[in-house]
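Below is one structure, written out as structure tokens; the observations come after it.
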């Protein structure tokens with residue numbers, strides 16, 4: 001920046017000492033400019049700065065410091081420049097955090113559920129035993145707040161349609177704003193031995209299939225259950241996206257010698273899927289909630305997640321007798337929009 005000094009001589013022949021009446025002058029040998037005018041101090045400073053060339057936009061000299069590309073004054077011709085809309089923005093890789101919880105009624109737990117979502121940084125919440133009906137007020141509040149909700153209440157019989165008693169069961173998937181999903185029709189006929197909802201989650205360039213299953217523990221495990229689960233797995237196993245089958249199966253998965261456990265694990269394995277190992281998922285003990293993924297996301301022989309794969313965390317959040325299951329997925333999210341504004345120095349001087 002060119003160095004210069006301003007020298008002012010204040011005088012007035014009439015002796016009127018009001019600031020607006022002072023004459024300001026400066027020697028011609030300082031900047032080669034002689035100003036003797038009846039004007040404000042700000043106007044004089046503006047004229048001197050302009051005459052010194054500080055307010056002019058000049059091209060960068062050759063061989064600029066730091067090896068940067070030479071820029072001309074034409075590149076900064078506009079005082080306010082908007083970002084180029086045609087310039088693609090690279091996506092950033094970050095973690096997408098889903099979770100599953102058998103909540104045992106969502107009716108009076110919405111605020112606590114949102115606290116858990118915030119504390120655990122969950123993007124997608126899969127719920128079982130929501131105990132809700134159609135047009136649930138809780139889910140209406142979530143939708144009004146910008147969340148996306150896909151729910152499946154337990155169907156009531158025709159005789160109990162107007163019944164006000166608790167409608168046990170029900171499954172739902174809730175996503176935070178910015179995460180989009182849609183319903184996937186995996187099977188033509190709704191299962192009768194378990195409740196089920198399947199969604200496709202999209203965020204940026206990432207897409208995945210999440211299926212939520214709830215099998216009531218009050219019902220015995222029958223061959224019909226395994227057949228209906230086979231139909232569901234047969235439908236979703238063909239998707240190219242990563243697959244996550246999560247839910248409360250009410251089968252003691254920690255008991256390797258249990259016949260129902262062996263049959264369930266063998267059925268899941270026949271479709272190239274595996275049950276991720278977890279700690280106890282129920283307050284009274286036992287592992288009855290599970291996260292099922294493809295084998296290429298899990299090391300079956302070593303019984304741990306592969307490098308860069310998945311591992312399930314189990315947290316007792318105190319909302320029910322079940323624990324929260326959480327895991328993370330590497331997802332490519334779009335960068336938030338940014339705007340760079342260039343302002344010339346003269347824009348500040350003129351204002």
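Coordinate-derived values only; no laboratory data. Given the structure is predicted, the values throughout are model-derived calculations rather than measurements. Glycine gets a Cβ as well: all are built from the backbone with ideal geometry, and neighbour counts include every protein chain shown.
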| note | proj_area_mean for segment 91-334 (convex hull on C-alpha atoms), units nm², value 13.3
| field | Segments 193-200, 126-133 sorted - mean Cβ within 10 Å per residue, highest first | value | 126-133, 193-200
| note | In whole angstrom, the spacing between the Cα centers of segment 132-153 and segment 228-298 equals 27
| message | Taking 0.36 nm per residue of sequence separation and subtracting the Cα-Cα distance, how much length would be gained by fully extending the chain between residue 239 and residue 316, in nm to one decimal? | response | 24.5 nm
| message | Assuming 0.36 nm per residue, please report the length gained on full extension of the stretch residue 207 to residue 145 beyond their Cα-Cα distance. | response | 20.0 nm
| remark: Given 20 °C, 1.002 mPa s and a Kirkwood radius over Cα pairs, the Stokes-Einstein diffusion coefficient of segment 164-253 in µm²/s is 150
| request: Could you quote the convex hull projected area for segment 104-231, Cα atoms only and averaged over all directions, in nm²? | output: 9.1
| said: Test of understanding: what is the full-extension gain from residue 185 to residue 223, defined as 0.36 nm times their sequence separation minus their Cα-Cα distance? | reply: 11.4 nm
